[in-house]
Every structure is written in C-alpha cells, then in structure tokens.
1. Are any of the residues in segment 38-53 surrounded by fewer than 19 Cβ atoms within 10 Å (Cβ to Cβ) and in a helix (DSSP H, G or I)?
2. Answer yes or no as to whether residue 303 is out of contact with any Leu (no Cβ under 8 Å at 6 or more places or on another chain) and not β-branched (Val, Ile, Thr).
3. Just the residues that are touching a Pro at 6+ places or on another chain (Cβ under 8 Å), within 17 Å of residue 214 (Cα to Cα) and not β-branched (Val, Ile, Thr), please, taken from segment 63-101.
4. Consider residue 132 carefully, then state whether it is buried (at least 18 other Cβ atoms within 10 Å of the Cβ) and either in contact with a strand residue (DSSP E or B) (Cβ under 7 Å, 6 or more places away or on another chain) or not β-branched (Val, Ile, Thr) (or both).
5. Across segment 27-37, what is the total count of residues that are surrounded by fewer than 21 Cβ atoms within 10 Å (Cβ to Cβ) and in contact with a helix residue (DSSP H, G or I) (Cβ under 6 Å, 6 or more places away or on another chain)?
6. Do we have residue 43 as at pLDDT 95 or above and of a type in the set (Phe, Trp, Tyr) here?
7. Which of the residues spanning segment 327-351 are within 22 Å of the chain's Cα centre (by Cα) and charged (D, E, K, R)?
8. Could you name every one of the helices (runs of 4 or more DSSP H) located completely within segment 122-239 that has at least 2 residues being touching a Lys or Arg at 6+ places or on another chain (Cβ under 8 Å) and without any contact (Cβ under 8 Å) to a residue 60 or more places away in the chain?
Amino acid sequence: MSGPRVTVVGGGLSGIAAALSCADGGAEVTLVEVRPRLGGAAYSFERDGMLLDNGQHVFLRCCTAYRALLDRLGTASATTLQSRLSIPVIAPGGRVERLGRSSLPAPLHLAGALARYGHLSVRERVGAARTALELSHLDLDDERLDDETFGAWLAQRRQSPAAVESLWNLIALPTLNIDAGEASLAMAAFVFQTGLLNEASAGDIGYARLPLSAIHGEPSAQALQSAGVDIRTGWRAERVEATPSGEFAVTGADETLGSDAVIVALPHTRTAGLVPDGALEDPSWLERLGASPIVNLHVVYDRRVMEFDLAAGVRSPVQWIFDRTRESGLIDGQHVAVSLSGADREAAMSRDELRDRFLPALGELLPRAREARVERFEVVREHAATFRSAPGVGRLRPGSRTRIDGLTIAGAWTATGWPATMEGAVRSGLTAAREALASQGATALAGVAA
C-alpha cells in the first residue's frame, strides 16, 4: 500500500526540510515552488557577471537542525564552523578588540574576553558581566518577558548606551533583525541563553565558503529527487482548499494537485491568503507579525583592505562585515559585504546615499580602504526579510497545526521558539512534517523530524 500523498507548498529551507522528512516517513511528496530554484531567502544571484548572495547568512554550533540538513545535502564540508567563538570588533581608527570564548565551562567561558574588552570601560565590563548572569537566569517560559523590550530591561540594569551598542546589540541586532531597544525581551533572552550563556560551544559561528545557492539550491534538488520527491519549480500555488471528501486541492495557474495532507511553507505575508477560511485561529495575527528589512552592501576594492573573514563594527553605521572574495569568484582585489539588520532607514535610502554614508564609514574601520579604489558598489535589499521581533510577537506566532486536520504550516515565523533564522526555518519544516504524517497515521523516521 502506498503512503499518504503530501503536497509541500514552498521550496525554502522549511519546505525542503518538510519534504525530505515526509518522504523519509513513506509519503508520496510533491513540492511546488514559484521560483525557478530552491533555497528560499538563502540564495545567490548573478549581477553583471558577479555572483552575489542575497544576504550574509551565518549559523551557530547550536543550530543542530540546520547543520543536520547540511549533512543530508552533503554540503556541510562547504561551510566553516569556528573551533572556538572569536569575533573581531572594530572601532573607528581601526582599533580591534575581540569577543570570544575560552575552554572554560559556561558561563566562565566568556569572562576573560569580557574582562579584556577595550571598547567598554572597566565599570561597564563589570556591569555587563553582572547583567549577563542575570539574563542567563530568566525563565523563558515566563510569558511576561514578551511584554517588555530588551532595551528597557537593560536600562533598568544601568547598561550604558555604549554597552548596548558595543556589546548587546552586536548579538541582538543580527539575530533578531531589530534593535535591542525595540526587541522582545523574551526573544533576546532566548538568543543569549541558547547561543552564548548556557553552553560554552553553542555560539561558535559558521558560514558558507561557497555561494548560498551552491549550499542550498542544487544540492537540495538532488537530495529531494533521491528521496523520490516530485519537484515542480515555476509553479505558483494560488489556493489550498479542503474538499468534501477530506482531501486537499492545491490550485495553480494550469493544474490542481490532489493530496491527503498539505504543508504550506511560505512567508507569513502569503500564507493567510492561500489557506482555506477558518484554517487559522486569527489570520490578522500574521499581518501583525510585521516585517523587518535587511540591506546588504557589496563593495569591491582593487586591493585587500580587511584581514578577517568576518568582523563587527562599533560606533559606526557599519554593523557586520564579511570577506566574500572567494565566494563571488573574484580573482583580484577584495569583495567586502556589509550586512545591515533592522535596516528600516537604510532600506529607504538610494544607492548614492548608501554609498556616500558607508564608504567613508568603512574607511574609518578599515584604514587600508581609504587608499583603495572602489571598483563596484552593489546594494541588495530584502524589505520583508523577517517578521518583527517586537514585544507581543510570541502570542502572534502560530503553531504548525491549523484548524483543519491534515493542513500544517511551516516557516521561521511560526512558533518554533527560535528567531527568524535558518535554524528556525528547518525546525518548523520538521515539525510540520511530523504533524502532517501524524494526521495520516504515519510517522517520521526517528532522529529526522525530532
């Protein structure tokens, strides 16, 4: 007897994880994706002969579901994972301090680096250590944490603006895609506890050594095909309907797919308009999740200007900098990518305005850039990169199950407990697959959809 028929709508990381897990559970899986490629928001594209990633996606050692997916795709070896967390932090004038961990157990693993962190005064370092210890003891199950901003909580503990900018926001801003002053305390507490404070090695940083499409796109297609998944790219789902017979119909422009279960793995901005009426407890919640933009600047210099693979900037509009020379296929010079999270202001700026603001700022952080010639300056904008991790967001994120048995939803915006990251996306796909298979009396393989 054949397994249940499952249609997965969306070929991002959540859809890929869901489709693989369902196939492993014995389902007949069809995955539809409107784009001509897989990978969702983590992809690469060519612009005037140069290969660019749409964003500088990193992961941490604690991102176990995402790392397991890379193993499944056979691309883990094309990424780098730090053996020990180390972040060069650069201030104007080129002064470099490092934040990293020692071999001591948590929470002592960060004590030495914090004690030596010269971008803060001695008094600020002591206060930051005390605040980190208090942060590590917050109860993540306390729903009241989602009613307060991380910035207000830090201010109550007398964290100075310098400490917020040069320490707390270095982590909060890129992981939550929103400034600490606006971020949910619950979300921030999860990030710091899970990524830095509870386990010494959890925050070691990983990143791709190949373009993102080479990490996620074609390898995903190969893995899905090997698992027996029917992949249909360029296929736009217009509506999901529950039929009187208890089955589902996924309607596209020229075709309707019938299935026993459906997993909708799309951005929250599309999901409410696709699923049947009554499937969601309150569709307005998805709209209220909002959006937060990310802007990436790609600067090609005629010579090397930075010695680090990645670095963070302080007292500067520059947030994080990545050396992407090899990944973009550049032979001469250096390709530097600047990632700007929570970029509401920058998303509204013109290319010339961004160039005028950020090239001098890069020169302040990287002295060699002042003498280098800029050969290319490219801007990539993701206006709705993630949901907005503001207070109250925890109550708005829906679980995987809908009110219609057999219809589940996935995406980093669902109630994974994680922020809008690649890890959250993969976890959501695994959860949705488990629920979809359970609705058909099937189970996913142990260790795959856990």
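1. No, because not a single residue in segment 38-53 is surrounded by fewer than 19 Cβ atoms within 10 Å (Cβ to Cβ) and in a helix (DSSP H, G or I).
2. Details: out of contact with any Leu (no Cβ under 8 Å at 6 or more places or on another chain): yes; not β-branched (Val, Ile, Thr): yes.
Criteria met by residue 303.
3. Hits for segment 63-101 are 73, 74.
4. On the way: buried (at least 18 other Cβ atoms within 10 Å of the Cβ): yes; either in contact with a strand residue (DSSP E or B) (Cβ under 7 Å, 6 or more places away or on another chain) or not β-branched (Val, Ile, Thr) (or both): yes.
Yes, satisfied.
5. Adding up the residues that qualify gives 1.
6. On the way: at pLDDT 95 or above: no; of a type in the set (Phe, Trp, Tyr): yes.
So residue 43 fails the test.
7. If the condition is that a residue be within 22 Å of the chain's Cα centre (by Cα) and charged (D, E, K, R), then 327, 344, 345, 346 are the ones that fit.
8. Values: elements: 122-136, 150-156, 169-176, 185-192, 218-226.
Qualifying helices (runs of 4 or more DSSP H): 122-136.
The values are calculated or read from the model by the stated rules, or taken from the named source; none is laboratory data. The shown structure was predicted, so the numbers you read here are calculated from the model rather than taken from an experiment. Glycine also receives a Cβ, built like all others from the backbone with ideal geometry; neighbour counts cover every protein chain displayed.
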